[in-house]
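Enquirer: Please find one structure pasted underneath; my questions will follow.
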Amino acid sequence: MSQDSFPQPTGRPDLDDLINVTTAHSGDATAAAAREHRNPGADKEPLSIAAFALCAVMLVIGGTVIGKTSGSLFDYGASVKPNYVRGKAPGVADDIALPPKPILDLYVKKGQSLYSAKCNGCHGADGKGDGVNYPSLVGSAWSTGHSERFSQIILNGLQGPTSTGKVYGAGVMPAQGGGMSAQDLAYIMTFVRNSFGNTVGDVVTAEMAQAAIDLAAKRPDPSAPVNADELKSYEKDLAGAKMDPTTLVDPITLKPVEAKK
Ligand code: HEC
C-alpha cells in the first residue's frame, strides 16, 4: 500500500513530508519525547542503603549522648514547674508515706537479705557457722567488738587464726567488699551485731561504713586479707556521728522524721 493513497494531514510537523525522520530522531530527545512532560522522579536515585545506615548510626550516637548528658530529658522533676504539687487521688489519705521505723529495726531488716546473699553460704542462716570450716558469728568477739575491726574483716577477708585463736577450713575468708556500697555494708554490719542473739544495740551508719571503705582502700596491699596482727590496729570504732538506735526514720529516704501521733 502506497502512502499516496492517503490524504496527508497538515499541521503536524513531524509527519510532514519535509521532515527527514532520521535526522529529526537523531538528537538526544526525539520530537515525540520532547513533547512529553518529564517524569519528575527520573533523575532521582532511590535512597541509598548507605544513607539509611548513616541515619541509624546518627540516631544511636545522638540517643546515647542525650541519654548520658541530659538525664533531665526523662526526669519527671525537670519536666514540671517548680513547686508543682501533684494532686492526690480522691479518697486517698492525707499522708500516704510509709510509717517511720526505728533506724535499728530498719537496718537489721535490710541487712538480713544482704546477709542471706553474702554470708549465709558460709556462716549459716543462724550465724553459727559449722564449727569446722566456718566460725560462728554468734558472740564472736570480732563481730560484736570494735566496729572498725569487724568492717575490715568483711571488706578484705580474713587470714586465720580467728578471734578464738582457731583456724577454720582452708584458713581464709575471701573478701566480701567487692561491689558493696557503704549503705549495704552498714546494713550487714548492723544486722550481724544485732541478730542471732548478738545484742550490741548500735547502728553502723552509712557514714561509718564509708570510713571503713576508705580505710580498706588505704591498706598497703588492699587485695590481701587482714590477719590477727593487722586487726590490732583496728581496735576502735569507725569514725562518724553515732545515731540513737531508736531514731525514727522514713523507710524510703532513711532520713529521720518527726514522730507522728
Ligand atoms: C566463702 C565463705 C565465707 C563467706 C561468704 C563469708 N565468710 Fe566470714 N569467714 C569465713 C571463714 C573460713 C572464716 C574463718 C577464717 C579463718 O579461719 O582463717 C571467717 C571468719 C569471719 C569472721 C571472724 C569471726 C571471728 O570471731 O574470728 C567474721 C566476723 C566474718 N567471717 C564475717 C563474715 C560476714 C559478715 C560475711 C558476709 C558479708 C562473711 N563473713 C562471709 C568464710 C566466709
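Enquirer: Give me the one-decimal nm value for the distance between modelled label points at ALA56 and ASP250, 7 Å along each residue's Cα-to-Cβ direction.
Expert: It is 4.6 nm.
Enquirer: Hey, what D do you get for the range 101-249 in µm²/s if you plug the Kirkwood alpha-carbon radius into Stokes-Einstein at 37 °C and 0.692 mPa s?
Expert: Once the numbers are plugged in, D ends up at 217 µm²/s.
Enquirer: Okay, moving on. Could you go through the range 101-110 in sequence order and give the Karplus-derived ³J(HN,Hα) for each residue, using 6.51 cos²θ - 1.76 cosθ + 1.60 with θ = phi - 60°, rounded to whole Hz, and x for Gly and Pro?
Expert: Each residue's phi maps through the Karplus curve to give 10, x, 4, 4, 4, 5, 5, 5, 5, 5 Hz.
Enquirer: Separate question: Can you tell me the convex hull volume per residue for the range 104-175, based on C-alpha atoms, in Å³ to the nearest whole number? List each step's numbers first, then the result.
Expert: Working: hull volume 6.5 nm³, N = 72.
Here the figure is 91 Å³ per residue.
Enquirer: What nm value, rounded to one decimal, do you get for the distance between ASP214 and SER79 when each label is placed 7 Å out toward the C-beta?
Expert: Placing both labels 7 Å along Cα→Cβ, they lie 3.9 nm apart.
Enquirer: If you don't mind, there's one more thing I want to ask. Can you list residues from other chains, or at least 5 along the same chain, whose modelled amide H is less than 5 Å from the amide H of VAL249?
Expert: Long-range HN contacts for VAL249: LYS101, ILE103, VAL257.
Enquirer: Short version: ³J(HN,Hα) in whole Hz for each residue of the range 132-139, in order, from phi by Karplus 6.51 cos²θ - 1.76 cosθ + 1.60 (θ = phi - 60°), x for Gly and Pro, what are they?
Expert: My calculation for the range 132-139 gives 10, 9, 10, x, 6, 9, 7, x Hz in order.
Enquirer: If you don't mind, another one. Using 16 Å as the cut-off for backbone N distance, which residues of the range 128-163 belong to the label zone defined by a point 7 Å from the Cα of ALA239 along Cα→Cβ?
Expert: Taking a point 7 Å out along Cα→Cβ of ALA239, the residues of the range 128-163 whose backbone N falls under 16 Å are 147-149, 152.
Enquirer: What ³J(HN,Hα) values, in whole Hz, does the Karplus curve 6.51 cos²θ - 1.76 cosθ + 1.60 give for the range 144-156 when θ = phi - 60°, with x put for Gly and Pro?
Expert: 9, x, 3, 5, 5, 4, 4, 4, 6, 5, 5, 5, 10
All of the numbers you see were taken from the coordinates with simple rules; none came from a lab. What you see is a predicted model, and the numbers here were worked out from it, not measured in a lab. We place every Cβ from the backbone using ideal geometry, glycine too, and count neighbours over all the protein chains shown.
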